[in-house]
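Q: Below is one structure. I have some questions about it.
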Amino acid sequence: MKELKLIIKTTLKNLDYRAQLIIIGIVVGVFSGFASVSLNFGLKKVSNFFIKFHGNFYFILFPAMGILITVLFLKYVIRDFEGHGVPEVIHSVSMKGGFLKKRSSVSKLIGSLLTISSGGSAGPESPVIISGAAIGSNVAKYLKTNDKIRIAAAGSGAAGAIAAIFNAPIAGIIFTMEVILGEWSTLNMLPVAISSVTATIISRMLSGNQIPFKHHLINVSINDIFAAAGFSVFLAAFALFFVRALKWIKLLFEKSIKSIIFRAILGGGLVGVIIIFFPVVKGEGYEVVRTLISGEFSNTILIIFVLIVMKILATSFTLGSGGAGGVFAPCLVIGSLSGYFYFQLLSAIFPQVQFSGSTLFALSGMAGILSSTLQAPLTGIFLIVEITGGYDVILPLLLVSFLTLTITKLIEKHSIYQYDLAEKGLLLRPRTDGRILSDINAEELLEKDLITVDSEMLLKDLIPLIKESHRNYFAVEDKKTGKFLGMVNFNDIKSYIFSSDLIKSIIVEEVMETDFPRISIKDNVVNILNKFDQSRAWSLPVVEDDKFLGLISKSTILDHYRKELKAQTEY
Amino acid sequence: MKKELNLSIREVASLLQIPVVKVQRWVYQGQIPCKFKGNTYYFKEKDILKWAKSHGMIISRGVEGEKNIVSENDCTLKKGIENGGVFFDHKGDDIYSVIENAIEKIDFPEKLDKSLILNELISREEIASTGIGKGVAIPHTRRELGLKCKHFMVPVFFLKNRVDFNSIDNQPVFVLFFMFSPSAKAHLKLLSRLSYLLRDKAFLDNLRNCRNKGELISLIDKNEKRFKSD
C-alpha cells in the first residue's frame, strides 16, 4: 500500500507541471466545494433550529454566547486563533510560499458556524476562503510541490470556495486573481479555473443549480445612469464609514480589553442589543437582501439610514470582539440598504423623474460596497451579475463599482484585507521591486575575497598586500581580539604610500575609516539598500558578532536583481 | 501663514540625488507631481516630500557620514603649533620621560585625562616608533582624543638632550612634534606636510637653529605657503 502511494506520488511529481495543475485543480475544487456546501448546510440547519427563539428577549444573549464559544473553540480547542482569514491567505501566498495550517481548513468553518448562527453579523464567505486555500495548500504540501504550484493550489482553493458558496464560478476566479494572488498569470489561471468549475459542479450537484437571488428584469434608462454616478458619492461615504468602523472598533477592543473572554462577551452583548431592536441586522442577512432586490422591502429613509449604521456597527462588534466570519455578506446587506436609501432619497428630491426602481440601486449598491471595501471592482461586478442572474444592470454596475472605488481610494489607500499587512510592510505583490529584492539575501551578495589586516600593521607592510589584492578596501581587525574595527580605503592613502619615511611610522589603525553602517548577515536587501542610501557609500562591510565576514557592493546588487527578475519572468 | 516653498528642478534633483534630466523625464511621464506656469513648471516642496515618502525614497539634505567638524583646509601645521605651543630645553633622558614631562606642560582643553593620554602615547611608541628620521619624532595617540577641531594641537618640544627614539634612520631625536589631530584625514595631511618639509635641507637646518616660538612659526608658515590646498 505504501509502495502504491509512493508510486502515485512520484508519477504525479514528474508529470508536466500543467498536468499537475489540472489534477490539483480538480482535487482542490472537489474538497473546497464540499467545504462551502457543508457550511451553507450547517448554517441553514442551525438557523432553522434557532427560529423558535426569534422574538424571544433571551436572544439578546445569543451572540455573546456564540462569540464566546467561537473564541474559546478557536483558541483552546483547535488552536487556530491568530490569523485573520483572508489577510492570512494573502500574506501566505505573497511571502510564505502558500503554506497554510491544515487545521485552518476547518477551524474558521466551525467558528463562523457558531458565530453566525447565534446572530453574529458576519458572512460565511471569508471563512470558506481560508478553508479552501488551506485545503489547496495542504494538497500541494502532501504532493511536495514547489512554491509556485503550492501558491497556485492555495489560490485554487479560494476560488473553488467562492464559486461553490455563491454558485458563481466567474466571481471565484476573479476574486482569487484580483485579491488573493494579485496577478494574472497563465500558470495560476489554469488550476484556479478548473477548481472553480469543479467546485461549482459539486455545489450544483448537492444544492441544486440555484442562484442566491432571483433574477428580475430591469430596464436601465439614462436617468438611472446619471443617478448611478451620483450614487457613487453616497456609497463611498458608507464604504468609508464601514471600513473605518471595522478598523477602529477592532483596535478599540484589542487595546482596552485584555481578556479575550470579556471582549467576546462585551462585543457579543452589544450585538445582541442591536439585533433585538433591529432583527434585520443579524446573521448574514441574505433574507434582507432578497427583499430589497425583489422590491418587497419598505421603510422610511430615516429607518434605512439607521439600519445601515446598525449593520455596520453590528458587523464591527462581531468581528472586532473575536467572532469568526467575513465581510462579504455584510457588504451585500449594507450595499443593498444603501441602494434603497438612495432611491428613496432621489424619489423624494426628484419626484417627477422616472427611475427604474429600487432594485437597480440595490444591486449597484452591493457592487459598489464590495468593490470599495475589498478594493476589488471586477469581483464586485461579476459577483452581482452571477448571483442575480443577469447582465441587465451591467452599465450602472460598472459605473458605480469603479467610481465608488476611486472615491474611496482617495481616503483609504488599502482594502480591509491589506491595511494591516501594508502597515507592517508585509504586503509585497509578485514581481514588484520590493518582492524581487526580498528574495535576495545578504549571503548571496557577500564578497569574501578581501584581505584583512591587523590594526597595528605598518603601512609599509600593507603595500605588498595592495599589490596582491584586486580590491581597494582592506578590513582592519583588532590585533588582540580579532574584532572588526574599520576599513582602509586605498584611495585615501594613495598619496602617502610613496614617501618611504611615512610608511614606516603610520599604522593601519590611524588611517582607517570607521564612520559607516555595518550590514548584518541577517539583513534583507531592502535594509541593506537603505543603509547604502543613508551613508552614500558604494561598499559596506558585513559584520556579525564583531567579526568581519565580507563586503557587499552596491553595484553588484543591480546584477543580482536583474538575474532574479529574469528568473521570475517568462518572455 | 507659513509660505509654501517652491523648488526649482535643480533643487528637486539635488534633493532626490538624481540628475536633472531624470527629473525632466519623470515630469513628462507624469511620475512626479509638478505645477505648470505658462511654459515652465515648478515643484511644491511639500508635494515632493510627500511623493518621495509614499514612494519609499529617502531624502538627504547635505552630506551625511562625513565628519565635517572642520574643513581640512583649516588644519595647518601653523595653526596646530599656535594652538599647542612651543617649548625649549625640554628635559628627559629617554622616550618615556620626555613624553611624560611634555604631557605635564601641554595645556589640554576640555579636561582630558592626562594619564590616559600618556598611556596612549607610550603604547603607540611601542607598536612602531614615531621617529620619522632626521632627528624628528611625531608622537601621537592611536585614536583621536575627540578634540573639537579648533582645539587641534601640534605642541612642539625642542629637547635639551638628544634622545634615542628607535627612529627609522637610527638618528637620535632633537625635536618632538606632538600630533593631536581631529581626524585620520587631518592627521595624514599634517604628517605628510611635515615629512615633505623635512626633506628640504634648508628647512631642517633652520629648524635646528630655532631659538624661540616666533622663529618656528614664521619658518613653518613660510614653508607651508608652498602647499596649495590639498
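Q: Look through segment A:458-472, keep the residues that are away from every other protein chain (no Cβ under 14 Å) and without any contact (Cβ under 8 Å) to a residue 12 or more places away in the chain, and return whichever of them is farthest from A:Lys566 (Cα to Cα).
A: In this case the residue turns out to be A:Pro464.
Q: Moving on to the next point. Among the residues of segment B:168-190, are any free of Cβ contacts under 8 Å to residues at least 12 places away in the same chain and of a type outside the set (Lys, Arg)?
A: yes
Q: Within segment A:383-411, count every residue that is touching a helix residue (DSSP H, G or I) at 6+ places or on another chain (Cβ under 7 Å) and at pLDDT below 90.
A: Final tally of qualifying residues: 4.
Q: Just the residues that are modelled with pLDDT of 90 or more and surrounded by fewer than 20 Cβ atoms within 10 Å (Cβ to Cβ), please, taken from segment B:145-159.
A: B:Phe158
Q: Now for a separate question. Of the residues A:Ile135, A:Ile69, A:Ile110, A:Ile90, which single one is over 21 Å from A:Gly323 (Cβ atoms) and assigned to a helix (DSSP H, G or I)?
A: Of the residues listed, the single one that is over 21 Å from A:Gly323 (Cβ atoms) and assigned to a helix (DSSP H, G or I) is A:Ile135.
Q: With the checklist (1) buried (at least 19 other Cβ atoms within 10 Å of the Cβ); (2) closer than 30 Å to A:Met95 by Cβ; (3) within 13 Å of chain B (Cβ to nearest Cβ) in hand, flag the one item A:Ile493 doesn't pass.
A: (2)
Q: Could you check, for segment B:185-193, whether at least one of its residues is in contact with a strand residue (DSSP E or B) (Cβ under 7 Å, 6 or more places away or on another chain) and of a type outside the set (Asp, Glu)?
A: no
Q: If I filter segment A:437-457 for residues that are within 14 Å of chain B (Cβ to nearest Cβ) and under 49 Å from the mean Cα position of the chain (by Cα), do I get at least one hit?
A: Yes; the residues of segment A:437-457 include at least one that is within 14 Å of chain B (Cβ to nearest Cβ) and under 49 Å from the mean Cα position of the chain (by Cα).
Q: How many residues are of a type in the set (D, E, K, R) and within 14 Å of chain A (Cβ to nearest Cβ) when one looks only at segment B:196-229?
A: 3
Q: If you don't mind, another one. Return yes when A:Val289 is under 17 Å from A:Met366 (Cα atoms) and free of Cβ contacts under 8 Å to residues at least 60 places away in the same chain and no when it is not.
A: Here the answer is no, as A:Val289 does not meet what is asked.
Q: Can you confirm whether A:Ser505 is of a type in the set (Gly, Ala, Ser) and under 30 Å from B:Gly135 (Cβ atoms)?
A: In short, yes.
Q: Also, quick follow-up: Kindly provide the set of residues from segment B:5-39 that are in a helix (DSSP H, G or I), under 40 Å from the mean Cα position of the chain (by Cα) and polar (S, T, N, Q), ordered by number.
A: B:Ser14, B:Gln24
Q: Among the listed residues A:Gly97, A:Gly42, which satisfies the condition of being surrounded by fewer than 23 Cβ atoms within 10 Å (Cβ to Cβ) and not in a helix (DSSP H, G or I)?
A: A:Gly97
Q: From A:Ile503, A:Ile507, A:Ile557, which residue is out of contact with any Phe, Trp or Tyr (no Cβ under 6 Å at 6 or more places or on another chain) and within 16 Å of A:Ile440 (Cα to Cα)?
A: Answer to the check: A:Ile557.
Q: Kindly indicate the residue of segment A:498-519 that is crowded, with 17+ Cβ neighbours inside 10 Å and more than 54 Å from the chain's Cα centre (by Cα) and also farthest from the other protein chains (Cβ to nearest Cβ) among those meeting that condition.
A: Within segment A:498-519, the match that is farthest from the other protein chains (Cβ to nearest Cβ) is A:Ile503.
Q: Inspect all residues belonging to segment B:180-195 and state whether any of them is more than 27 Å from A:Val488 (Cα to Cα), more than 9 Å from every other protein chain (Cβ to nearest Cβ) and not hydroxyl-bearing (Ser, Thr, Tyr).
A: no
Quick grid of which residues meet (1) surrounded by 18 or more Cβ atoms within 10 Å (Cβ to Cβ); (2) among the small types (Gly, Ala, Ser):
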{"position": "A:Thr186", "(1), (2)": "no, no"}
{"position": "A:Val192", "(1), (2)": "yes, no"}
{"position": "A:Ile202", "(1), (2)": "yes, no"}
{"position": "A:Leu206", "(1), (2)": "no, no"}
{"position": "A:Asn219", "(1), (2)": "no, no"}
{"position": "A:Asn223", "(1), (2)": "no, no"}
{"position": "A:Leu235", "(1), (2)": "yes, no"}
{"position": "A:Arg244", "(1), (2)": "no, no"}
{"position": "A:Ser256", "(1), (2)": "no, yes"}
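Q: Can you tell me which of (1) facing chain B (nearest Cβ under 9 Å); (2) farther than 23 Å from A:Ile557 by Cβ; (3) in contact (Cβ under 8 Å) with a residue 24 or more places away in the chain is the one A:Glu477 doesn't meet?
A: With (1) facing chain B (nearest Cβ under 9 Å); (2) farther than 23 Å from A:Ile557 by Cβ; (3) in contact (Cβ under 8 Å) with a residue 24 or more places away in the chain applied to A:Glu477, the lone miss is (1).
Q: Within segment A:469-487, which residues are assigned to a strand (DSSP E or B) and under 14 Å from A:Trp538 (Cα atoms)?
A: Within segment A:469-487, A:Tyr473, A:Met487 qualify.
Q: Then there is this: Against the definition (surrounded by 15 or more Cβ atoms within 10 Å (Cβ to Cβ), over 16 Å from A:Ala475 (Cβ atoms) and within 13 Å of chain B (Cβ to nearest Cβ)), how does A:Leu540 come out, yes or no?
A: no
Q: Then there is this: May I ask you to say which residue of A:Phe253, A:Phe241, A:Phe262 is without any contact (Cβ under 8 Å) to a residue 40 or more places away in the chain and of a type outside the set (Gly, Ala, Ser)?
A: Result: A:Phe262 is the single residue among A:Phe253, A:Phe241, A:Phe262 that is without any contact (Cβ under 8 Å) to a residue 40 or more places away in the chain and of a type outside the set (Gly, Ala, Ser).
Q: Hey, can you tell me all the residues within segment B:122-144 that are of a type in the set (A, V, I, L, M), touching a residue at least 24 places away in the same chain (Cβ under 8 Å) and either at the interface with another protein chain (Cβ under 10 Å from one of its Cβ atoms) or buried (at least 21 other Cβ atoms within 10 Å of the Cβ) (or both)?
A: B:Ile132, B:Val136, B:Ala137, B:Ile138
The values are calculated or read from the model by the stated rules, or taken from the named source; none is laboratory data. As the structure is a computational prediction, the values presented were derived from the model and not from experiment. Cβ coordinates were reconstructed from backbone atoms using ideal geometry, including for glycine residues, and neighbour counts include every protein chain displayed.
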